[in-house]
Amino acid sequence: MKTILESIALTKIFKTGKIEVTAVRDVSLKVPEGEFIAIMGPSGCGKSTLLHLLGGLATPTSGRVLVDGEEISSGKDAVRTDIRRRKIGFVFQRFNLLPTLSAQGNLEIAQEIHRNGSRDRQHVDEILNLLGLEKKTHHKPSELSGGEQQRLAIARAVINRPAILLADEPTGNLDTRNSMVVLKMIQELNRALSQTILMITHNPEAAGIANRLIEMRDGRIVSQQQEGEWNAAEDRMSL
Amino acid sequence: MSSQLILSNVVSRPMRSLATALAVGVEVALILLLVGLSTGMIRENSKRMSGVGADIVLQPPNSSLVLAASTGAMSVKIADLVSGIEGVKAVAPVYLQLNTSGGLGLVWGIDQESFNGITQGFVYREGRGFQGPDDVIVDDIYADARELRLGEEITLMNRSFRIAGIVEHGKGSRLFIPLGTMQRLVGTPGQATMMMIKCHDKSDIPGVKAELEGRLKSYPIFDMSSFAAHLEEANRDFGPIKFFTRTVVFIATLIGFFIIFLSMYTAITERTHEIGILKSLGAPQGYISLLFLKEALVLGGLGFVLGLGLTFGGRFFFQLLMPTLQHQLPPEWLLYTGILALFSASLGALYPALRAARQDPIEALAYE
């Protein structure tokens, strides 16, 4: 199967004065097309830094990241931005929606950036319908519930059909009910649309819907288990 | 959609947008009011000069077309020489002097009889001509602006004058005193700063002008149609006025620049998180810079519209306070100020916009 995302000996060291902190150590990872990976680990283990490196939001100290065959780990901001624009969709814990735009506007601006100016109103409407937000088209993010905001953030992330969806604690700000709705949606994207997903989570139940679980500690990958292998299998949510 | 984002950002921060646009508006109004007032005064002067009815104007050697600044004088006896030329119907010596008492303006010293020969006489609203050496004739605009009545006393050139007549405006000056009085006040008896010449027929003008040019070689001689245009041009290009106008335009543009700079700089700090979101969506640096530049242009455009409102409001206010002040807006200055407003806005937004584009996406996303 085609590899959508690959990291090779990825290392990120943060320097604060004379102090060096290694957030990610020698991480090598391959994500095949259509796979759903969950990354778990304690706070400060380097999960989010890894996600930022994989998504081209940060540059590694050493190592490489290839997205759909293109190197995103180069130092040039323009190159990283371009790959991010064409191939990556982000979902954040804080939703990160543009507060002054409507739900529709938030989707359209993602389209505009992706397509260098053009928009597809019909596709926006399809996505909003798919995510049950058709009645909230003209609502601003502040007028939506947390769950609706995160659904909108997911819609925005996938509206341009990215090669990979990177989700950083997508249920971290949601209550149990909304978490379930959002997780179901993410799972559906993976199953129905074969969307490749890499999700960071603290929540073992959330991780349970993935095909592969990666565990990180101290910036390293300490274990990788395929679906059905890990102990929490019995705790999987019946979504 | 980026235009919707720009507009929504302008609308969602109404006070900041209004204050910024207002500051640009003040820049625009300052320029337009100043230019309008100077143009209005210059044009109105030329119009009044044309309204005298003279066909030819003769000035002494080394005189200036900026009449208020002209110091040259010539003997009134030249009038006798001029009146002997074939085709000349009337000659009126006039002495122009700048008055600073009770407002700034030119006072004309005239010999009423010869002046009437040029103008066909004043049209009196009240009173009549000079009765004595301390009489003054004022025009209706001057009288109305100061609520002056016939017989009242006014101070000109540090001397008291009695209003002997109130006349319709449009014939040279707003204030006329006897030529002899003016000559005594200025200390130049028998002198004049200008000769107004009336020909029997328009067809006589070129011949009379050529004859004068032959006899009075160093004297500037103009036919009235070109004199008014020369006056306008000379006053517009008069060094101090030009320098003052340019200085005000520069300072106003600088104000606009700094206001937009501060506003956009603040906006970028305030919207750091938003910039992070756009970066995470893959917005290139150019897209983000352009977003802020366009927003500044919208504010500049709004400021220009507000500035036009302030200009017309200011003009109305000025005319209410000082009816003698004329405000005429040259249409090309509307274009210039529009360009200046947008130029200062885009220049002011340039650094903040570039700074926004260079933000680190992770730091921007983490910004609270």
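Working carefully through the options B:GLY276, B:GLY314, find the one that is modelled with pLDDT of 90 or more, in a helix (DSSP H, G or I) and either crowded, with 19+ Cβ neighbours inside 10 Å or within 14 Å of another protein chain (Cβ to nearest Cβ) (or both). Before the answer, list the steps.
Details: B:GLY314 fails: either crowded, with 19+ Cβ neighbours inside 10 Å or within 14 Å of another protein chain (Cβ to nearest Cβ) (or both).
The conditions single out B:GLY276.
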Practice problem: Of all residues in the stretch B:355-366, count the ones that are surrounded by fewer than 15 Cβ atoms within 10 Å (Cβ to Cβ) and of a type outside the set (Asp, Glu). | Solution: 2
Practice problem: Kindly provide the set of residues from the stretch B:322-362 that are among the acidic types (Asp, Glu) and outside any loop (DSSP other than H, G, I, E, B), ordered by number. | Solution: B:GLU332
Quiz item: Is it true that B:LEU179 is under 27 Å from the mean Cα position of the chain (by Cα) and either modelled with pLDDT of 85 or more or under 27 Å from B:GLY121 (Cβ atoms) (or both)?
Solution: no
Quiz item: Which residues, counting only those in the stretch A:61-72, are in contact (Cβ under 8 Å) with a residue 24 or more places away in the chain and buried (at least 24 other Cβ atoms within 10 Å of the Cβ)?
Solution: A:VAL65, A:VAL67
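Quick check: is even one residue across the stretch B:239-255 more than 14 Å from chain A (Cβ to nearest Cβ) and over 21 Å from B:LEU340 (Cβ atoms)? Step through it out loud before you land on a result.
From the stretch B:239-255, those more than 14 Å from chain A (Cβ to nearest Cβ) are B:239-255; that's our starting set.
If we keep only those that are over 21 Å from B:LEU340 (Cβ atoms) too, we end up with B:239-240.
The answer is yes; a qualifying residue exists.
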Practice problem: Within the stretch A:113-164, work out how many residues are farther than 30 Å from A:LYS2 by Cβ, within 14 Å of chain B (Cβ to nearest Cβ) and not in a helix (DSSP H, G or I). | Solution: 4
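Can you confirm whether the stretch B:202-211 contains a residue that is part of a loop (DSSP other than H, G, I, E, B) and either of a type in the set (Phe, Trp, Tyr) or within 27 Å of B:ALA228 (Cα to Cα) (or both)?
Initial filter on the stretch B:202-211 (part of a loop (DSSP other than H, G, I, E, B)): none.
Scanning the stretch B:202-211 turns up no residue that is part of a loop (DSSP other than H, G, I, E, B) and either of a type in the set (Phe, Trp, Tyr) or within 27 Å of B:ALA228 (Cα to Cα) (or both).
Does the stretch A:176-193 contain at least one residue that is touching a Pro at 6+ places or on another chain (Cβ under 9 Å) and within 29 Å of B:LEU290 (Cα to Cα)? Break it down into steps so the answer makes sense when it comes.
First pass over the stretch A:176-193, keeping only residues touching a Pro at 6+ places or on another chain (Cβ under 9 Å): A:179, A:182-183, A:186.
Restricting the remaining residues to those that are within 29 Å of B:LEU290 (Cα to Cα) gives none.
Within the stretch A:176-193 (the criterion being touching a Pro at 6+ places or on another chain (Cβ under 9 Å) and within 29 Å of B:LEU290 (Cα to Cα)), the answer is no, since none of the residues qualifies.
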Quiz item: Does A:LEU98 count as more than 14 Å from chain B (Cβ to nearest Cβ) and open to solvent by less than 60 Å² (accessible area, probe 1.4 Å)?
Solution: no
Practice problem: Those residues that are crowded, with 18+ Cβ neighbours inside 10 Å and either among the acidic types (Asp, Glu) or within 14 Å of chain A (Cβ to nearest Cβ) (or both), I need them from the stretch B:9-32; list them, please. | Solution: B:ASN9, B:VAL10, B:ARG13, B:SER17, B:GLU27
Quiz prompt | Which listed residue, of A:LEU131, A:LEU183, is modelled with pLDDT of 90 or more and farther than 20 Å from A:ARG84 by Cβ | solution = A:LEU183
Practice problem: Run A:THR100 past the list (1) β-branched (Val, Ile, Thr); (2) part of a helix (DSSP H, G or I); (3) under 21 Å from B:GLY282 (Cβ atoms) and report the number of the one that doesn't hold. | Solution: (2)
Quiz item: Hey, A:ALA163 hits all of (1) over 22 Å from B:LEU5 (Cα atoms); (2) open to solvent by 30 Å² or more (accessible area, probe 1.4 Å) but one; which does it fall short on?
Solution: (2)
Quiz prompt | Qualifying position, being outside any strand (DSSP E or B), surrounded by fewer than 22 Cβ atoms within 10 Å (Cβ to Cβ) and at pLDDT 85 or above, among B:LEU81, B:LEU65 | solution = B:LEU81
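If only one of B:GLY301, B:GLY286 is away from every other protein chain (no Cβ under 14 Å), part of a helix (DSSP H, G or I) and either surrounded by fewer than 19 Cβ atoms within 10 Å (Cβ to Cβ) or at pLDDT 90 or above (or both), which one is it? Write out each step before concluding.
Details: B:GLY286 fails: away from every other protein chain (no Cβ under 14 Å).
None of the other options fit; the residue is B:GLY301.
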Quiz item: So which of A:THR3, A:THR16 ends up being out of contact with any Lys or Arg (no Cβ under 9 Å at 6 or more places or on another chain) and of a type in the set (Ser, Thr, Tyr)?
Solution: A:THR16
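The values are calculated or read from the model by the stated rules, or taken from the named source; none is laboratory data. Bear in mind the structure is a predicted one, so any value in this text is a computation, not a measurement. Don't worry about glycine lacking a Cβ; one is built from the backbone with ideal geometry, like all the others, and counts go over all protein chains shown. For the accessible areas, the whole protein counts, side chains as well, though only heavy atoms, and no ligand, DNA or RNA atoms are used. Shrake-Rupley method; radii C 1.70, N 1.55, O 1.52, S 1.80 Å.
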